[in-house]
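Student: Just passing along the structure, written as structure tokens.
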Amino acid sequence: MKEFAIIETGGKQYLVSEGDTIRIEKLKGDPSRQGGAEAGHKVGGPVVFDNVLVVDNGHDTTIGMPFIAGAKVSGEIKKIDRAKKVTVIKYKAKSNYFKKRGHRQPFFEVKITKLA
């Protein structure tokens with residue numbers, strides 16, 4: 001059985017194993033650095049997830065309440081991009097009301113390198 005962990009980031013939970021690639025919400029940058037909200041995060045850079053909920057290595061399962069103390073999942077940022085555009089249209093018939101908006105959600109593509 002393959003070792004896996006459940007991590008929480010961006011208000012969502014992800015089931016990850018070593019070698020997996022996941023798409024997560026954009027991470028906040030280090031506030032001490034300059035250059036905006038994503039300062040400190042670059043493609044190829046490391047990222048560590050501290051909010052680990054469950055770890056299973058095939059014969060032993062550890063469940064946190066809510067998080068496991070000392071558990072970390074390490075990854076490497078492979079891509080920083082925005083998703084395809086979603087078009088939102090608001091329309092009311094016979095009242096001359098029409099609004100069209102587009103939105104592209106930013107994301108990080110992260111490859112999981114180590115479960116610890």
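Rule-based calculations on the coordinates, nothing more; no lab input. Since we're looking at a predicted model, the values are computed, not measured. A quick note on method: Cβ atoms are made from the backbone with ideal geometry, for glycine too, and the neighbour counts reach across all protein chains shown.
Student: So if I place +1 on the C-beta of Lys and Arg and -1 on the C-beta of Asp and Glu, and nothing else carries charge, what would the dipole magnitude of the stretch 4-115 be about its Cα centre? I want it in debye, nearest 20.
Tutor: 1380 debye
Student: I've got another one for you. What is the order of 74, 95, fewest Cβ neighbours within 10 Å to most?
Tutor: Listed from fewest to most nearby Cβ atoms, that is 95, 74.
Student: Here's something else I'd like to know. Take the Cα of residue 63, step 7 Å along the line toward its Cβ, and report every residue of the stretch 6-28 whose backbone nitrogen sits under 14 Å from that point.
Tutor: Inside the label zone: 6.
Student: Report the residue, chosen from 106, 66, 46, that carries the largest GNM mean-square fluctuation when the chain is represented by alpha-carbon nodes joined by springs under 10 Å.
Tutor: Largest GNM mean-square fluctuation: 66.
Student: Among 83, 71, 93, determine the one that fluctuates most according to a GNM of the chain built with springs between C-alpha atoms less than 10 Å apart.
Tutor: Top of the fluctuation ranking is 93.
Student: Same structure again: Of the listed pairs 2/84; 26/85; 79/99; 78/114; 12/85; 42/72, which have alpha-carbon separations greater than 24 Å here? All intermediate terms of the calculation are to be shown ahead of the outcome.
Tutor: Numbers: 2/84 33 Å; 26/85 16 Å; 79/99 32 Å; 78/114 15 Å; 12/85 21 Å; 42/72 20 Å.
Too far apart for the 24 Å limit: 2/84; 79/99.
Student: May I pose another question? In what order do 41, 59, 103 fall by count of nearby beta-carbon atoms within 10 Å, going from fewest to most?
Tutor: The most exposed by this proxy come first: 59, 103, 41.
Student: Can you put 47, 52, 110 in order of Cβ neighbours within 10 angstrom, beginning with the fewest?
Tutor: In increasing order of surrounding Cβ atoms, one gets 47, 52, 110.
Student: Tell me which residues come under 5 Å, amide H to amide H, from residue 9 once H is placed; ignore anything under 5 positions away on its chain.
Tutor: Amide H to amide H, under 5 Å and 5 or more residues apart or across chains, residue 9 pairs with 14.
Student: Can you compute the modelled spin-label distance between residue 101 and residue 17, with each label point 7 Å from Cα toward Cβ, in nm?
Tutor: Each label point lies 7 Å from its Cα, and together they span 4.0 nm.
Student: Each label point is 7 Å from the Cα along the Cα-to-Cβ direction; what then is the distance between the points at residue 50 and residue 26, in nm?
Tutor: 2.3 nm
Student: Specify which labelled value, from (i) 35; (ii) 24; (iii) 41, agrees with percent of Cα pairs over 24 Å apart derived from the coordinates of the model shown.
Tutor: Here the calculated entry is (iii).
Student: Build a GNM of the chain with springs between Cα atoms under 10 Å: which of 21, 62, 87 gets the top mean-square fluctuation?
Tutor: In the Gaussian network model the winner is 87.
Student: For the stretch 76-93, just list the computed ³J(HN,Hα) in residue order, Karplus coefficients 6.51, -1.76 and 1.60, θ = phi - 60°, integers in Hz, with x standing in for Gly and Pro.
Tutor: Each residue's phi maps through the Karplus curve to give 10, 6, 9, 7, 10, 7, 10, 6, 4, 5, 10, 9, 10, 10, 10, 8, 10, 5 Hz.
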